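See below for the structure under consideration.
The values are calculated or read from the model by the stated rules, or taken from the named source; none is laboratory data. The structure presented is a predicted model; accordingly, all values stated were derived computationally and were not measured. Neighbour counts run over all protein chains shown; Cβ positions are idealised from the backbone, glycine included. The area values use the complete protein model at the heavy-atom level, side chains included, leaving out ligands, DNA and RNA. Shrake-Rupley method; radii C 1.70, N 1.55, O 1.52, S 1.80 Å.
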Amino acid sequence: MKQGKTIEPGYVYILTNPSFREDWVKIGKSARPVDIRSKELDNTAVPLPFEIFATMKTVKFNEVEKLVHKTIDRLTDLRIRQNREFFNVAPQMALEIFNDIAMTIDDAEIIEYEDNKPIKKDANPPVCKPPKGKTRPRFKFSMVGIKIGEYVRFTPTDTKVKVASDDSVEFEGRIYKLSPFVGTFMPEEKRNASGAYQGAKYFTYNDVVLDDLRKQKEHGCEETDSQDNEINNE
């Protein structure tokens, strides 16, 4: 009696591109690891290489890709071109669709990426100041325990906005990074001469400025480092 052929898992992926708008993504599938597929897509038609935002690994990758496309098409006409895999949705929204579908599939494994590397989840990641001479990392909501879907307040206009991803907010149906949001919506009389803003200084969460929340975390990290040094010196 012949054995049935083993079905190998494949991938459905969300790709972004620095040359695209922030709310444009490519959603496709691949039978091979997505880092290989993203490199294949790097050609003269796209100015910059694609970046992996998230993947779903499953033996049902063909069906899942079609379902994701159909789900987005049902939401509204968000496909940039009807015969292509490019969509006018925020990467985080696409990831939420991935998560919803994954709940109905036994073998689904979702992995999020940063700098084309898988993110290892940590419920309370440490927020420490970089070594002297190093650049301070860009603010992310996870640094201070703020979750996607929660709200922060833009203090110059007292406007409530929704956290859309780890480093962006949603306002009036559009996605913005913090600093560009400040530059766009800062009232004329409150603008500075340079036009450059540190976004985390202009938003609050539970009436505390985001940058202050971050400093509190950094201060806690410094205290831990100091205690460790005392133990090591004993």
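Here Leu95, Leu48, Leu67 are screened, and the one residue that is under 16 Å from Glu112 (Cβ atoms) and modelled with pLDDT of 80 or more is Leu95. The residue that is nearest to the chain's Cα centre (by Cα), counting only those in the stretch 187-214 that are over 16 Å from Ser168 (Cα atoms) and open to solvent by 100 Å² or more (accessible area, probe 1.4 Å), is Asn206. Scan the stretch 174-181 and give yes if some residue there is in a loop (DSSP other than H, G, I, E, B) and charged (D, E, K, R), otherwise no. Taking every residue of the stretch 174-181 in turn, none turns out to be in a loop (DSSP other than H, G, I, E, B) and charged (D, E, K, R). Pro180 fulfils the conditions (1) within 17 Å of the chain's Cα centre (by Cα); (2) surrounded by 16 or more Cβ atoms within 10 Å (Cβ to Cβ); (3) within 18 Å of Asp211 (Cα to Cα); (4) without any contact (Cβ under 8 Å) to a residue 60 or more places away in the chain except for a single criterion, (2).
Considering (1) basic (Lys, Arg); (2) touching a Cys at 6+ places or on another chain (Cβ under 8 Å); (3) modelled with pLDDT of 95 or more, the lone condition that Arg153 does not fulfil carries the number (2). Applying the set (1) at pLDDT 90 or above; (2) surrounded by 14 or more Cβ atoms within 10 Å (Cβ to Cβ) to Phe86 leaves exactly one unmet item: (1). Of all residues in the stretch 167-195, those that are touching a Ser or Thr at 6+ places or on another chain (Cβ under 7 Å) and among the small types (Gly, Ala, Ser) total 0. A Cβ distance below 7 Å, combined with a sequence gap of six or more or placement on separate chains, defines the contacts here; from the stretch 41-62, residues that are within 15 Å of Ile97 (Cα to Cα) and basic (Lys, Arg) reach residues that are open to solvent by 60 Å² or more (accessible area, probe 1.4 Å) and modelled with pLDDT under 95 in the pairs Lys57/Glu109.
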